[in-house]
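J.: So that we are looking at the same thing, I have put the structure below in structure tokens.
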Amino acid sequence: MSLTTILLAAVLVSSASPGDEERRVEGTLVDQKCAPFYQESAADLPAHGKRCALGCRESGYGVMVGRKYISFNSQGSRLAEEWLEKTTKETDLRVVVIFVLDSASQSYTVKSINNPRE
């Protein structure tokens, strides 16, 4: 193994941010257009449906945890749309979201969206 290869490997390993953390959040998948309504009226959240969420896909998606809304970036919204298209649920769109939090920038990347264990 050459010295260049060893140095390159060391740089790649050191570029992995030690502050990055994987997080798991359980909540309800909601489109960004409807999210403000459900922040005010959380009791109505289980009635928010797949049809509405897909109809508002242009606004993007996020997950509502209590009254807090966590907005997804474009990658997360793409994963949310894929989940919505596959799910048989019509309402009560509860999900488990796994994302990586970059503690330095306070941004995150959605890794997966799945059904919660019931």
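The values are calculated or read from the model by the stated rules, or taken from the named source; none is laboratory data. Keep in mind that this is a model prediction, so the values were computed, not measured. Here the Cβ positions follow ideal geometry from the backbone for every residue, glycine too, while neighbour counts run over all protein chains shown.
J.: Counting only residues that are more than 16 Å from the chain's Cα centre (by Cα) and among the aromatic types (Phe, Trp, Tyr), which one in the stretch 30-69 is surrounded by the fewest Cβ atoms within 10 Å (Cβ to Cβ)?
T.: Among those residues, the one meeting the criterion is PHE37.
J.: Restricting attention to the stretch 22-62, report how many residues are in contact (Cβ under 8 Å) with a residue 40 or more places away in the chain and of a type in the set (A, V, I, L, M). Before the answer, list the steps.
T.: Going through the stretch 22-62, the residues in contact (Cβ under 8 Å) with a residue 40 or more places away in the chain turn out to be 22-30, 46-50, 53.
Filter again for of a type in the set (A, V, I, L, M), leaving 25, 29-30, 47, 53.
Residues flagged as in contact (Cβ under 8 Å) with a residue 40 or more places away in the chain and of a type in the set (A, V, I, L, M) within the stretch 22-62 amount to 5.
J.: With (1) out of contact with any helix residue (DSSP H, G or I) (no Cβ under 7 Å at 6 or more places or on another chain); (2) crowded, with 18+ Cβ neighbours inside 10 Å as the list, and GLU85 as the residue in question, which single condition is left unmet?
T.: Status for GLU85: all satisfied but (2).
J.: Please state which of the following conditions PHE99 fails to meet, knowing it meets all the rest: (1) surrounded by 17 or more Cβ atoms within 10 Å (Cβ to Cβ); (2) touching a helix residue (DSSP H, G or I) at 6+ places or on another chain (Cβ under 6 Å); (3) at pLDDT below 95.
T.: Here PHE99 clears every test but (2).
J.: Going through the stretch 46-93 one residue at a time, which ones are within 21 Å of ARG23 (Cα to Cα) and of a type in the set (Lys, Arg)?
T.: ARG67, LYS68, ARG78
J.: Scanning the stretch 61-86 for residues that are in contact with a strand residue (DSSP E or B) (Cβ under 9 Å, 6 or more places away or on another chain) and hydroxyl-bearing (Ser, Thr, Tyr), which turns out farthest from GLY27 (Cα to Cα)?
T.: If we take residues in the stretch 61-86 being in contact with a strand residue (DSSP E or B) (Cβ under 9 Å, 6 or more places away or on another chain) and hydroxyl-bearing (Ser, Thr, Tyr), then SER77 is farthest from GLY27 (Cα to Cα).
J.: When the residues of the stretch 19-47 are narrowed to those that are of a type in the set (A, V, I, L, M) and not in a helix (DSSP H, G or I), which ends up farthest from SER112 (Cα to Cα)? Explain how you work it out, then say what you get.
T.: Let us first name the residues in the stretch 19-47 that are of a type in the set (A, V, I, L, M), namely 25, 29-30, 35, 42-43, 45, 47.
This time we only want the ones that are not in a helix (DSSP H, G or I), so: 25, 29-30.
Values: VAL25: 11, LEU29: 13, VAL30: 16 Å.
Here the residue is VAL30.
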